[in-house]
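Only one structure is covered here, and it is reproduced in the block below.
The values are calculated or read from the model by the stated rules, or taken from the named source; none is laboratory data. Not measured: the values here are computed from a predicted model. Backbone-built Cβ (ideal geometry, glycine too); neighbour counts: all protein chains shown. Only protein heavy atoms, including side chains, enter the accessible area calculation; ligands, DNA and RNA are left aside. Shrake-Rupley method; radii C 1.70, N 1.55, O 1.52, S 1.80 Å.
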Amino acid sequence: MQMLDLVHRRRREGRDTIMLCAGQPATGAPASALAAAGDELHASALGYTEVIGDRDLRETVAAWHSETYGVDTAAEKVVITTGSSGGFVAAFLATLDHGDVVALSCPGYPAYRNILGSLGARVVDLVCDETTRFQPTADMLEALPAQDRPKAVIVTSPGNPSGTIIDPAELERIAKWCEDNGAVLISDEDYHGMSFGRPLATARQFSDRAIVVGTLSKYFSMTGWRVGWLILPDELITPVENLQASLALCAPAISQIAGRAAFSPEARAELDTHVERYRAARRVLLHELPKIGFTRFAEPDGGLYLWLDVSHVTDDSEAWCHELVEEIGVAFAPGVDFDPVNGHKWVRLSLCAPESETREACRRLGEYVSAR
Ligand SMILES: Cc1ncc(COP(=O)(O)O)c(C=O)c1O
């Protein structure tokens, strides 16, 4: 977020800056969602919705989830939240006590660690690299010592920052391990809808004890509308509803109405064109980065990111990212937030910039690196 602020400041000053640090689509909501929001603005007082979310949206999410993955997800199991961020807080509060252990992949999305820390949970890192395509495995869980056996396990696929997709068979093994060991599986499926070819499985294919987290922020291109959802096992529905009643009362009403329209076939056709743009940016990065000496990275299977080893040019990725913005007007996200141990040697690149800007960023980076 600091890098984003820096980019915005430079752009206000009229200084050209290519933004490869963003964790959000550069596109807006699909046209049908905008039209639905416009209609609703005039038609409704926009009061609170049901605490667990607008019934029609819950049914829409349930139908989409059922059709996409061949599962039977009932609307009763879906709770609409203020972004998936709101869903995480509710899910953690509903499942964890102070001092409980949560296992998650490192590198990983920093907010889990931050929220869990503030709730008094203890994070156990599942250190992931190219040997497991930057995804955790059931073997890693099995190898944890007794004192680190988790109460919950978080899996993120496609990953942030890795962009890798966990193999369905491995997700199944993790789901089984969680069931056998009394751990709650929390599957962050925020980047679903964005695969460059690999199959994407939902954790609910393998366990109806799993919590699935989803959002309108990524594939659905409605980041600032702040709508996400949880798909919950039966016994967590009422606790999460009660928490949500106190934490948020409800997700934004206008966004829920607009969000419904984002699942329509016309909206999906529009959203799928965005995925083609991410695919094009990915192709550029996979082609250009090795040519300029950056050969170690997680090859993105989906999502919005590429995780890049920069250890041959810096051991302080944060300082290096600031340097790159100042010197060549290219912004990456430093790895330190995603990996507290090795992140100083890594950066995260976003696939959200147009192909031409991504190419230009590689050109500038190549020139800069070869001049040193
Ligand atoms: C892996 C992951 N989970 C959750 C979120 C939170 O997204 P939101 O609250 O917008 O749904 C993000 C945002 O970048 C993310 O990358």
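The table for this structure:
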quantity	calculated
Some residue of the stretch 63-70 being open to solvent by 20 Å² or more (accessible area, probe 1.4 Å), touching a residue at least 24 places away in the same chain (Cβ under 8 Å) and within 24 Å of Gly182 (Cβ to Cβ)	no
Hey, His312 out of contact with any Phe, Trp or Tyr (no Cβ under 6 Å at 6 or more places or on another chain) and assigned to a helix (DSSP H, G or I) or not	no
Qualifying positions in the stretch 198-219 - touching a strand residue (DSSP E or B) at 6+ places or on another chain (Cβ under 9 Å), within 19 Å of Val275 (Cβ to Cβ) and within 16 Å of the ligand (Cβ to nearest atom)	Leu200, Thr202, Gly214, Thr215, Leu216, Ser217
Members of the stretch 261-274 that are within 21 Å of Ala63 (Cα to Cα) and either free of Cβ contacts under 8 Å to residues at least 60 places away in the same chain or not polar (S, T, N, Q) (or both)	Ala261, Ala262, Phe263, Pro265, Glu266, Ala267, Arg268, Ala269, Glu270, Leu271, Asp272
Single residue of Pro136, Pro145, Pro107 found to be at pLDDT 95 or above and surrounded by fewer than 23 Cβ atoms within 10 Å (Cβ to Cβ)	Pro145
Scan of the stretch 123-155 for residues that are touching a Ser or Thr at 6+ places or on another chain (Cβ under 7 Å), assigned to a strand (DSSP E or B) and either away from the ligand (no atom under 14 Å from the Cβ) or more than 15 Å from Cys178 (Cα to Cα) (or both), ordered by number	Leu126, Ala152
Residue in the stretch 242-258 that is away from the ligand (no atom under 16 Å from the Cβ), of a type outside the set (A, V, I, L, M, F, W, C) and touching a strand residue (DSSP E or B) at 6+ places or on another chain (Cβ under 8 Å) present	no
Residues (of a type in the set (Asp, Glu) and closer than 16 Å to Ala62 by Cβ) located in the stretch 74-105	Glu76
Residue match in the stretch 162-174 (condition: open to solvent by less than 60 Å² (accessible area, probe 1.4 Å), more than 23 Å from Ser195 (Cα to Cα) and over 20 Å from the mean Cα position of the chain (by Cα))	no
Enumeration of residues in the stretch 275-326 that are of a type in the set (A, V, I, L, M) and within 30 Å of Val61 (Cβ to Cβ)	Val275, Ala280, Ala281, Ala298, Leu304, Leu306
Residues of the stretch 344-370 satisfying the condition of being hydroxyl-bearing (Ser, Thr, Tyr), farther than 29 Å from Cys106 by Cα and modelled with pLDDT of 95 or more	Ser356, Tyr368
Some residue of the stretch 33-46 being closer than 15 Å to Val330 by Cβ and part of a loop (DSSP other than H, G, I, E, B)	no
Answer residue from the stretch 84-111, given it is near the ligand (Cβ under 8 Å from one of its atoms) and in a helix (DSSP H, G or I) and is nearest to Ala183 (Cα to Cα) among those	Phe88
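Conditions (1) under 19 Å from the mean Cα position of the chain (by Cα); (2) open to solvent by less than 10 Å² (accessible area, probe 1.4 Å), marked per residue:
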site	(1), (2)
His42	no, no
Leu46	no, no
Ile52	no, no
Glu59	no, no
Ile80	yes, yes
Gly86	yes, no
Asp100	no, no
Arg149	no, no
Ile154	yes, yes
